[in-house]
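The values are calculated or read from the model by the stated rules, or taken from the named source; none is laboratory data. Remember, it's a predicted structure, so these values are computed and weren't measured experimentally. So basically every Cβ, Gly included, is an ideal-geometry build from the backbone, and we count neighbours across all protein chains shown.
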Amino acid sequence: MGLVASALAYGRVAQILKSVSSVLDVLGPAPAEFISSRSRKQMERKLDGFKHRFTTGADMAGLLAGARAAILKHGSLNDCFAGGLGESDETVTDALEKFVSELTGPDPGLCEFLLPAAAKGSACKRLNLYLRWMVRSDEVDPGGWTGIRTSQLVVPLDTHMHRTGLALGLTSRKQANLRTALEINEGFRRIVPDDPVRYDFSLTRLGIRSGDSLEEFLARVEQS
């Protein structure tokens, strides 16, 4: 469910919620059982007519088929990801590349937009958001995964977090790519070494908020 929700986390929030709900309705109350008992073609038929901006039902069926293959091979998506993470890895970036390779194994042509490649410089915002949900555990993130340290997580970089990073002086880079994400992440790591993405949710909401500009808001905070 987390993989589906993060894959579709682009565009307007109302449409994201609608699209995620429509896919979860198809998967039913036991998503793992659904994908383990159906072929990709069967899932495509179940998702026929689904559309979320650039993402089609066929794309979602491909993603689910990749998840099924990874689960059959490793036992779970958690074990699949953790198995690609080195003990000395400072961040999840390399493991994320291996994870994507596992999910696209049955179909190397799977929509790159759904599963972008860190090796090509993508910030992998939605995949890093997925990892934040699955690894952290608090009032915001449900957690449940093991074998990955919160200190290894990378901030899910979108337009709002990029703008916040620029305003906070954590980066001067103009492109919201992987290098920028790691630069901003390093700034947060200096504040909270063991949990650099702790403030992602609140700061992203700040970037989205209406009213004062982010710069005006920060100026008022400094004056208070």
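Are any of the residues in the range 157-177 in contact with a Cys (Cβ under 8 Å, 6 or more places away or on another chain), surrounded by 14 or more Cβ atoms within 10 Å (Cβ to Cβ) and under 19 Å from Thr93 (Cα atoms)? Write out each step before concluding.
Our first condition is that a residue be in contact with a Cys (Cβ under 8 Å, 6 or more places away or on another chain); within the range 157-177, this holds for none.
Among the residues of the range 157-177, not one is in contact with a Cys (Cβ under 8 Å, 6 or more places away or on another chain), surrounded by 14 or more Cβ atoms within 10 Å (Cβ to Cβ) and under 19 Å from Thr93 (Cα atoms), which makes the answer no.
Could you grab the pairs with beta carbons closer than 6 Å, sequence gap of 6+ or different chains, first residue in the range 149-167 and more than 16 Å from Asp194 (Cα to Cα), second one of a type in the set (D, E, K, R) and surrounded by fewer than 24 Cβ atoms within 10 Å (Cβ to Cβ)?
Pro156/Lys125; Leu157/Lys125; Asp158/Lys125; Ala167/Glu215
Please indicate, with yes or no, whether at least one residue in the range 142-153 is closer than 20 Å to Gly83 by Cβ, out of contact with any Gly (no Cβ under 7 Å at 6 or more places or on another chain) and basic (Lys, Arg).
Yes - at least one qualifying residue is present in the range 142-153.
Identify all residues within the range 22-33 that are modelled with pLDDT of 95 or more and surrounded by 12 or more Cβ atoms within 10 Å (Cβ to Cβ); write none if there are none.
Passing the criteria: Ser22, Val23, Leu24, Val26, Leu27.
When the range 126-148 is examined, which residues are found to be buried (at least 20 other Cβ atoms within 10 Å of the Cβ) and farther than 16 Å from Asp195 by Cβ?
Within the range 126-148, Arg126, Leu127, Tyr130 meet the criteria.
Out of curiosity, is Asp48 modelled with pLDDT of 95 or more, of a type in the set (D, E, K, R), over 18 Å from Pro31 (Cβ atoms) and not in a helix (DSSP H, G or I)? I'd like the intermediate steps shown before the answer.
Working: modelled with pLDDT of 95 or more: yes; of a type in the set (D, E, K, R): yes; over 18 Å from Pro31 (Cβ atoms): yes; not in a helix (DSSP H, G or I): yes.
So Asp48 passes the test.
Does Asp141 satisfy being more than 14 Å from the chain's Cα centre (by Cα) and not assigned by TED's automatic domain parsing to the domain that holds Leu206?
On the way: more than 14 Å from the chain's Cα centre (by Cα): no; not assigned by TED's automatic domain parsing to the domain that holds Leu206: yes.
No: the conditions fail for Asp141.
Kindly indicate whether Thr104 is outside the structural domain of Gly28 (by TED's automatic domain parsing) and touching a residue at least 12 places away in the same chain (Cβ under 8 Å). Write out each step before concluding.
Working: outside the structural domain of Gly28 (by TED's automatic domain parsing): no; touching a residue at least 12 places away in the same chain (Cβ under 8 Å): yes.
When the stated conditions are applied, Thr104 does not pass them.
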